[in-house]
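Contents: one structure, followed by commentary.
The values are calculated or read from the model by the stated rules, or taken from the named source; none is laboratory data. Everything numeric in this text was worked out from a predicted model, so none of it was measured. Glycine also receives a Cβ, built like all others from the backbone with ideal geometry; neighbour counts cover every protein chain displayed. SASA here: full protein model, heavy atoms, side chains in, ligands and nucleic acids out. Shrake-Rupley method; radii C 1.70, N 1.55, O 1.52, S 1.80 Å.
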Amino acid sequence: MNSQPVSVQTEGLTRRFGKFTAVDRVSITVNQGEIFGFLGANGAGKTTMIRMLCGLLKPSEGKGSVAGFDVYRQSEEIKKHIGYMSQKFSLYDDLTITENIEFYGGIYGLSREAIRHRREQLLEQTGLQDASRKMTRDLPLGFKQRLALGCALLHDPPVIFLDEPTSGVDPEARRSFWDLIYQTADNGKTVFVTTHFMDEAEYCHRVSIMRAGQLIALDTPGNLKKQYQQRSMQEVFVALVEAG
């Protein structure tokens, strides 16, 4: 990982809302091709952190860059160079899989030829070729999940943010989706994942844990389990949160 270029870097990144500090001096360095897990209980600050990194919210202080663009001065460029997949997929139920992909291609400003090329690539990558003409409303949740990821990757962004992407899907669909995440990282994309499934933290190259706006742990799952003498990331997370 260390030989890879840096995709995301922050130094003392902070966000305050009045007297409340939602993110408190967080410093991270994330490399190209890395799957980086963001863990934390509700209100820990991870959503605010993600919003700053996505160019949706300006920090109160500190430094930060995403895909080489400054979080203060170049938020619009950041938005063009990231993909974002929310827990509630932003898909149109009254369109087919193909039509959803074509619609988002237009939103991203891709040419017809580029949309056609990327559509075929993504249908193959996500395993949705045989369902491409189905209405999105009729798809199983796991298929919708894969389509949402495909739409987020349509404009070939170097960094992608996945906000609890496997919430509500069955274990088999979760495993299948993580295969897609690994493929995405193997293709050189940097993947940020927020999840409340502690077993999924084991799949990340590195994991960060936030509590009350502060970064309280950051390392590989293996190193964290060894450091805190726990058998699983679930136990590491509980130990750290209870310690606070």
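Restricting attention to the range 110-136, which residues are out of contact with any helix residue (DSSP H, G or I) (no Cβ under 8 Å at 6 or more places or on another chain) and either among the charged types (D, E, K, R) or in contact (Cβ under 8 Å) with a residue 12 or more places away in the chain (or both)? Within the range 110-136, 112, 113, 116, 120, 124, 130, 135 qualify. Taking (1) within 18 Å of the chain's Cα centre (by Cα); (2) aromatic (Phe, Trp, Tyr); (3) farther than 25 Å from residue 201 by Cβ in turn, residue 72 satisfies each apart from (1).
So that you can scan it fast, the table gives a plain yes or no per residue for (1) within 22 Å of residue 109 (Cβ to Cβ); (2) open to solvent by 50 Å² or more (accessible area, probe 1.4 Å); (3) not in a strand (DSSP E or B):
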site: 42; (1), (2), (3): no, yes, yes
site: 48; (1), (2), (3): no, no, yes
site: 51; (1), (2), (3): no, yes, yes
site: 55; (1), (2), (3): yes, no, yes
site: 59; (1), (2), (3): no, no, yes
site: 62; (1), (2), (3): no, no, no
site: 65; (1), (2), (3): no, no, no
site: 72; (1), (2), (3): no, yes, yes
site: 78; (1), (2), (3): yes, no, yes
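If I ask for residues that are under 23 Å from residue 187 (Cβ atoms), in a helix (DSSP H, G or I) and open to solvent by 60 Å² or more (accessible area, probe 1.4 Å), which ones from the range 99-116 would you list?
So in the range 99-116, the residues under 23 Å from residue 187 (Cβ atoms) come out as 100-102, 104-105, 107-111, 113-116.
From the residues that got through so far, the ones that are in a helix (DSSP H, G or I) too are 100-102, 104-105, 107, 113-116.
The answer is 102, 107, 113, 116.
The C-beta contact set for the range 199-228 (first residue under 20 Å from residue 49 (Cα atoms) and basic (Lys, Arg), second residue open to solvent by less than 70 Å² (accessible area, probe 1.4 Å) and assigned to a loop (DSSP other than H, G, I, E, B), distance under 8 angstrom, 6+ apart or interchain) comprises 206/34; 206/220; 211/40; 211/41; 211/44. Only one entry in 186, 179, 170 is free of Cβ contacts under 8 Å to residues at least 12 places away in the same chain and on the phi < 0 side of the Ramachandran plot, namely 179.
Of the residues screened, residue 119 is not one that is within 14 Å of residue 99 (Cβ to Cβ) and part of a loop (DSSP other than H, G, I, E, B).
A Cβ distance below 6 Å, combined with a sequence gap of six or more or placement on separate chains, defines the contacts here; from the range 67-95, residues that are on the phi > 0 side of the Ramachandran plot reach residues that are part of a loop (DSSP other than H, G, I, E, B) and open to solvent by less than 70 Å² (accessible area, probe 1.4 Å) in the pairs 67/81; 67/158. Taking the range 220-244 as the range and being surrounded by 16 or more Cβ atoms within 10 Å (Cβ to Cβ) and under 25 Å from residue 6 (Cα atoms) as the test, the residues that pass are 221, 224.
Of the listed requirements (1) open to solvent by less than 80 Å² (accessible area, probe 1.4 Å); (2) closer than 22 Å to residue 220 by Cβ; (3) at pLDDT below 95; (4) not in a strand (DSSP E or B), residue 33 misses just one: (3). Annotation note: of 142, 168, 150, 188, the sole residue that is open to solvent by less than 10 Å² (accessible area, probe 1.4 Å) and out of contact with any strand residue (DSSP E or B) (no Cβ under 6 Å at 6 or more places or on another chain) is 150.
Counting the residues of the range 204-217 that are out of contact with any Leu (no Cβ under 8 Å at 6 or more places or on another chain) and surrounded by 19 or more Cβ atoms within 10 Å (Cβ to Cβ) gives 3.
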